[in-house]
Amino acid sequence: MSRLRPTGVLVAATLTSGLTAGLFASVSYAITPALARSDDRTFVEVMQNINEVILNPVFVPVFLGGLACSVVAAVTHRRSADKALRAWVLAGAAGYLAMFAVTAGVHVPLNYELAAAGDPARIQDLAGLREAVEDKWVAWNTVRALANTASFAAFSWALVLLGRSKARSAAPELRERVPAS
C-alpha cells in the first residue's frame, strides 16, 4: 500500500502534465496562428473569450491538480533508492513549476490587461492593445508549452523506470514461487 500512493501520484502528475502540455501546444500550433490571420477586433474578442471560458470545472482542477501532483510526486520520490527515477521525477516537477510560473507571471497579467480593456466594440485602439499583448503572449506560450511537454516526458520516463524497478524487485520473489521444471 505504501508504494501505491507514490505510484498513483506519479501517474496523476504524468496525466495532468500531459493534458496541460497538449492544451498549450495546441494553442501554439493551431490557435495563435489562426488568430494571427484575424483582424484586431477578432483577436481581442477571441482572446478575451478564451480567457473567460478556460476557467472552468475541467481546466482548473487539471491545471492546479497538476501542480499539486507534481510537487507531491517530487516529495514522495525524493528519497527513492533509484537515483535516476528521483532525478526524472524532479525534472518533471521542475518543468511543471516552470510552466506554472510562466502562466502566473506572464499570461495572467496579459489576460487581465485584455479583460480590463473591456468590450472590443468600445476599445479605441484595438491595434495598440493587440500590439502590446500578442507577441509576448505567443512567445511565452511556446515557452510554457515546451516546459510542460518536457515535464510530461520526464514524468513518463519516471513511470518507465518505476515499472522496471518494481519488476526487478519482484523478480526474486517470483522465482521462489515458480516451481523448477
> What number, rounded to the nearest 500 deg cm²/dmol, is the helix-based mean residue ellipticity at 222 nm of the chain, given -39500 (n - 2.57) per DSSP H run of at least four residues and division by all its residues?
Replying inline: -27000 deg cm²/dmol
> Taking R0 as 25 Å, what's the FRET efficiency between Ile54 and Thr142 from their Cβ-Cβ distance, rounded to 0.05?
Replying inline: 0.90
> In debye to the nearest 20, how big a dipole does the range 48-149 give about its Cα centre with +1 on each Lys and Arg Cβ and -1 on each Asp and Glu Cβ?
Replying inline: 700 debye
>> Where in the chain is the longest stretch that carries no trypsin sites (Lys or Arg not before Pro) classed as loop by DSSP and with at most 12 other Cβ atoms within 10 Å?
In response: 80-181
> What number in nm² do you get for the range 71-138 if you take the convex hull of its Cα atoms and divide its surface by four?
Replying inline: 5.8 nm²
> Which helices, taking whole DSSP H runs in the chain, have alpha carbons extending 27 angstrom or more along the helix axis plus mean Kyte-Doolittle at least 0.5?
Replying inline: 4-26, 83-102
>> With unit charges on the beta carbons (Lys and Arg positive, Asp and Glu negative) and the dipole taken about the Cα centre of the range 30-181, which residue among Val75, Ala116, Leu126 sits farthest to the positive side?
In response: Val75
> Counting only heavy atoms of protein chains, what accessible area per residue, in Å², does the chain have with a probe of 1.4 Å?
Replying inline: 57 Å²
>> Ignoring ligands, DNA and RNA, please state the percent of accessible area on the range 1-51 from carbon and sulfur, probe 1.4 Å.
In response: 63 percent
>> With an 8 Å Cα cut-off and a minimum separation of 6 or more residues, compute the relative contact order for the range 1-112 in percent.
In response: 35 percent
>> Report D for the chain in µm² per second (integer): Stokes-Einstein, Kirkwood Rh on Cα pairs, 37 °C, 0.692 mPa s.
In response: 180 µm²/s
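The values are calculated or read from the model by the stated rules, or taken from the named source; none is laboratory data. From a predicted model like this one, the values you see are computed outputs, not experimental measurements. Cβ coordinates were reconstructed from backbone atoms using ideal geometry, including for glycine residues, and neighbour counts include every protein chain displayed. Surface accessibility is based on the protein's heavy atoms, side chains included, excluding ligands, DNA and RNA. Shrake-Rupley method; radii C 1.70, N 1.55, O 1.52, S 1.80 Å.
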